[in-house]
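Structure, as structure tokens:
The values are calculated or read from the model by the stated rules, or taken from the named source; none is laboratory data. If you're wondering where the values come from, they're calculated on a predicted model, not measured in any experiment. Every residue, glycine among them, receives a Cβ derived from its backbone with ideal geometry; neighbour counts consider all protein chains shown. Each accessible area value is taken on the protein alone, full model and side chains, heavy atoms only, with ligands, DNA and RNA left out. Shrake-Rupley method; radii C 1.70, N 1.55, O 1.52, S 1.80 Å.
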Amino acid sequence: MSERVIPYNILLEIISNTYELVWRIVPDPEFSVLKEGLKTMEVSLTSGIQKAEEGLPVIGHHFSFPSEFLSCFDAVPICIEGTSYLLSALLPDGCEKYYDLINNWGHPYHTCSSQKGPMGMVLDDLFEFDVIATPTAPCDNTFASYPFFAYKNIPLVITDVPFIHKEKSYIYLAEQLKSDLYKIGEVIGQKPDFDKLKIALNLENQILNYELELFELRKAVPCPVESMINPIVSGIKIFSSGRPEKLAFFKTILNLAKKRYKNKELPPGMKEEKFRSVWPYMTIFFDINLCEWLDRELGMSVLIDIFNYNFEEPIDTSSEDKMFYGMAKKAMNYPMIKESTEFFDTFIENFINVSRDFQADCAIFTSHLGCKQFGSIPQILREALRDELGIPMLIIDVDVGDKRFNSIKIIKDKIKMFTNTLL
Ligand code: SF4
């Protein structure tokens, strides 16, 4: 066991145990997405831990600095936000101990729990990062929280992300990304290998085709994929980026969805699709079982959430310049970054289109405590969805990674009451 990545060891152990339990106890085809997702993340985490045991450098990164960008190094990429929320999904009390540690240290309680978990773990000496990479997007939380790591003497490489989505922004960010990879290389004593980066990006291009096909299939009525796909894909995008197991995951799930679509089958355990919901922001991470409850108890499909609709394009890897330009475009159109690096009207317009395309009959917006930059949007989006499509939107104030802010019981009660108004 590597002492430098203790939370990753814990994550791997819980994932392996949960996978074994679900695999042995739950007969096929129940929980197919969960089983495939756990299997995929188990492979990625095992590889990271093996590398840490070999003594390779540990690179912490923000989720919006996609880990395939770091494949130009022989290193262990650790996603700060992914670690916090995967632990909160799999452990009964998640990262609460570490949120409290960093709060008591003096960090504001109302910042994002996705970052507070690993910040508390660093205070507790559970991670030994050689360097951490973060962009200046998507939010003030990111920009204000990451300097804590520098305070703990961890070298911080900060990529400046422009606000406006224009050609000149992509060119600027491409230069930033390239020079930041060199900076990371200097800290860990490695020269970035852009041939290895190209291999990972080409693999991501392949994966994107499957993702987009699955995205289209999820529009079908009834939706052939269980709601659980939303948190699982969020995890896989973060932990298995640029890796063959991610490709295998999307191939398997796409085949499954195609089969169900042909036979007009519902996901296992769902008797009827009574409600088709879109979640403009995140689903709940501290209790991903909510997705199963929505399918089985309420007959509500979660058709899409913020991490599951993509605006990416394949990256042209034919030259280094084109490759970095494509990476910049991808980074600025990454979920949550896209929505936060431009004015809110684009988000509203996109979400009206998504709701129309998916034939949604309602929306649920989780207004996450940390996301101050989104504080004003839910009400405007609610009015826009009502005026343009005639569909209602429920707003739930929540911390998606901390059950103590708004418990799962209250969340379920609110959704249940909301569905009564839809009938
Ligand atoms: S945008 Fe919101 S959820 Fe994402 S990192 Fe910032 S505060 Fe956390």
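Observations, loosely collected:
- For the Cα trace of segment 225-272, dividing Rg by the Kirkwood Rh returns an Rg/Rh value of 1.04.
- Distribution of pairwise C-alpha distances over segment 1-93, 10 Å bins, in %: 15, 46, 29, 10, 0
- Relative intensity, log₁₀ I(q)/I(0), of segment 151-245 from a Debye sum that treats every alpha carbon as a point, q = 0.14 Å⁻¹: -0.82
- Kirkwood hydrodynamic radius over Cα pairs of the chain, then Stokes diffusion coefficient at 10 °C and 1.306 mPa s, in µm²/s: 73
- Cα convex hull volume per residue for segment 198-305 (Å³): 96
- A crude spin-label estimate for the pair Lys264 and Ile410, with each label 7 Å from Cα along the Cβ direction, gives 4.3 nm.
- Kirkwood's formula applied to the C-alpha pairs of segment 6-195 gives a hydrodynamic radius of 17.8 angstrom.
- Highest-fluctuation residue, Ile158, Ile410, Ile352 considered, GNM on the chain with Cα pairs under 10 Å: Ile410
- Relative contact order for segment 212-269: 55 percent, from Cα pairs under 8 Å spaced at least 6 residues apart, divided by residue count.
- Estimated [θ] at 222 nm from DSSP helical runs (n ≥ 4, -39500 (n - 2.57)) normalised by residues in the chain, nearest 500: -17000 deg cm²/dmol
- Using alpha carbons only, the radius of gyration of segment 362-423 set against its Kirkwood radius gives Rg/Rh = 0.99.
- DSSP-defined beta bridges in segment 6-195 - what % are antiparallel, rounded to 5: 0
- Protein accessible area in the chain, 1.4 Å probe - carbon and sulfur %: 53
- Distance from the Cα centroid of segment 191-213 to that of segment 234-255 is 12 Å (rounded to whole angstrom).
- In the context of the full set of protein chains, residues of the chain present 40 Å² of accessible surface per residue (probe radius 1.4 Å, heavy atoms only).
- By the rule of a C-alpha distance below 21 Å, with chain neighbours fewer than 8 residues away ignored, the lysines paired with Lys191 are Lys51, Lys178, Lys183, Lys322.
- Karplus 3J(HN,Hα) series, Hz, for segment 148-157 with 6.51 cos²θ - 1.76 cosθ + 1.60 (x for Gly, Pro): 4, 5, 5, 4, 8, 6, 9, x, 10, 10
- Counting only Cα atoms, the size of segment 257-303 along its three principal axes is 33, 20, 17 Å, in decreasing order.
- Cys362 long-range amide H proximity, modeled H, under 5 Å: Arg276, Val278
- Segment 88-133 and segment 302-337: distance between their alpha carbon centers, rounded to Å: 28
- For the chain, the longest principal axis of the C-alpha atoms and the axis of helix 113-123 are separated by about 40°.
- Angle between the chain longest axis and helix 377-389 axis [Cα atoms, degrees, rounded to 10]: 40
- By definition, a body whose alpha carbon gyration tensor gives a ≥ b ≥ c is oblate when a/c is 1.5 or more and a/b is not larger than b/c, and segment 90-192 fits this oblate description.
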